[in-house]
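Below: the structure, in structure tokens.
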Amino acid sequence: MKTKTVELIISPPSPHFVGDGFRVHNFIPSVSPLVMERMNPFILMDYNSKFVFPPSDTPRGVGVHPHRGFETVTLAYKGKVQHHDNSGSGGVIHEGDVQWMTAAGGILHKEYHEKEWSKVGGEFQMVQLWVNLPSLYKMSKPKYQAVKNEDIERFKIDERGSYLEIIAGEYQNIKGKISTFSPINLFNAKLLKESTIDFKFPSNYNTALLVLEGSIVVNESENVPLNHFVLMANDGEFFTVKANENAVVLILSGEPINEPIFAQGPFVMNSRQELWQAFEDFNNGKFGYLED
Ligand code: MN
């Protein structure tokens with residue numbers, strides 16, 4: 001089995017605000033070479049590194065906006081996110097929880113700091129991923145998969161207390177609860193200092209790591225500091241992650257969807273015509289209505 005080598009270690013780009021509630025580093029698609037095609041099916045990654053929000057009676061966040069053609073995955077590490085959409089669905093994403101929203105044919109939603117959390121404020125850390133959908137499913141019915149932290153499948157790495165959360169995909173025959181439309185592995189490794197774990201993914205799967213706590217060594221040679229993104233090369237299957245100090249690492253690996261990508265704003269489709277149709281449908285109120 002060949003080693004999957006490190007292609008690039010990427011420091012966090014300057015943050016920007018999404019609405020007034022999410023201070024994010026956009027790794028995918030704005031940092032070279034992390035264009036949508038390179039990381040497909042992961043077509044966007046916004047990382048809100050730890051940031052302290054002062055108390056606010058008016059929850060901060062981002063107002064009503066649409067999505068079509070993909071899924072949004074929200075992972076809350078610190079703080080709480082509240083979500084509402086035009087189908088009447090909503091919910092709170094607590095620390096450690098995952099919300100996997102299949103926007104598919106179209107959804108209108110808003111995302112805010114949870115009301116009571118907002119009143120107190122504090123340290124906030126989260127990741128939002130956009131996961132591409134194969135053309136067959138781009139216009140399917142929207143749906144949600146919400147998994148509470150205590151319900152996420154776990155693999156025990158060692159006797160010291162290090163473990164792997166299997167959100168989607170499979171590790172050592174343990175399957176994540178989230179079902180996906182194309183092959184995807186999404187894991188959180190929660191490692192004590194000196195703990196090591198190895199991973200094996202097909203060489204063509206686009207694969208990356210994000211260090212959310214501590215620091216790690218990949219393949220016993222590449223040191224990766226906090227808040228850095230590791231792009232793995234498509235040259236092999238096997239790699240190792242060792243914690244230099246207590247660490248939390250997000251691991252993503254997925255089979256590329258080999259279809260054209262036409263993306264603009266909140267829509268990611270397969271052709272210019274489909275993109276035009278998305279704006280047309282949105283402007284004609286076909287995404288429904290949601291009060292701001
Ligand atoms: Mn959104």
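May I have the convex hull volume per residue, in Å³, for the Cα set of the range 136-248?
123 Å³
Would you mind pulling out the separation of the Cα centroids of the range 30-76 and the range 113-174, in Å?
Each part's Cα centre sits 14 Å from the other's.
Report the full-extension gain for the segment residue 120 to residue 193: residue separation times 0.36 nm, less the Cα-Cα distance, to one decimal in nm.
Taking residue 120 through residue 193 to full extension adds about 23.1 nm, to one decimal.
At q = 0.21, 0.25 Å⁻¹, what log₁₀ I(q)/I(0) does the range 160-214 have when each alpha carbon counts as one equal point scatterer in the Debye sum?
-0.91, -1.19
222 nm [θ] for the chain, helices only, -39500 (n - 2.57) per DSSP H run of 4+, per residue, to 500?
Result for the chain: -2000 deg cm²/dmol, rounded to the nearest 500.
If we sort 52-59, 247-254, 99-106 on the protection proxy, mean other Cβ atoms within 10 Å, highest first, what's the order?
247-254, 99-106, 52-59
Provide the FRET efficiency to the nearest 0.05 for the residue 220-residue 51 pair, computing r from the beta carbons and using R0 = 25 Å. Display every interim value, and only then the final one.
Details: r = 32 Å, r/R0 = 1.30.
Here the calculated transfer efficiency is 0.15.
Calculate, in nm to one decimal, what residue 149 and residue 177 gain on full extension: separation in residues at 0.36 nm each, minus their alpha carbon distance.
Here the segment from residue 149 to residue 177 would lengthen by 8.9 nm.
Starting from the Cα coordinates of the range 6-282, work out the convex hull volume and express it per residue in Å³. If you can, show how the numbers build up before the last one.
Details: hull volume 34.0 nm³, N = 277.
So the per-residue Cα hull volume is 123 Å³.
I'd like to compare 29-41, 168-180: which one has the highest average count of other Cβ atoms within 10 Å, and what's the full order after that? Walk me through the numbers before you get to the answer.
On the way: 29-41: 18.0, 168-180: 16.0.
Descending mean neighbour count gives 29-41, 168-180.
Please give every one of the aspartates and glutamates within straight-line cross-link reach of residue 286, meaning a C-alpha to C-alpha distance under 17 Å, and leave out same-chain neighbours fewer than 8 residues apart.
Leaving aside aspartates and glutamates fewer than 8 places away in the same chain, those within reach of residue 286 are 85, 274.
Just the number, please: Stokes-Einstein D of the range 103-201 in µm²/s, Kirkwood Rh from C-alpha pairs, 20 °C, 1.002 mPa s.
In µm²/s, the coefficient rounds to 131.
Throughout, read-outs are computed from the coordinates displayed, never taken from laboratory work. Computed from a prediction, not measured in an experiment: that's the story for all the values here. Methodologically, a virtual Cβ is constructed for each residue, glycine included, from the backbone with ideal geometry; neighbour enumeration extends over all protein chains shown.
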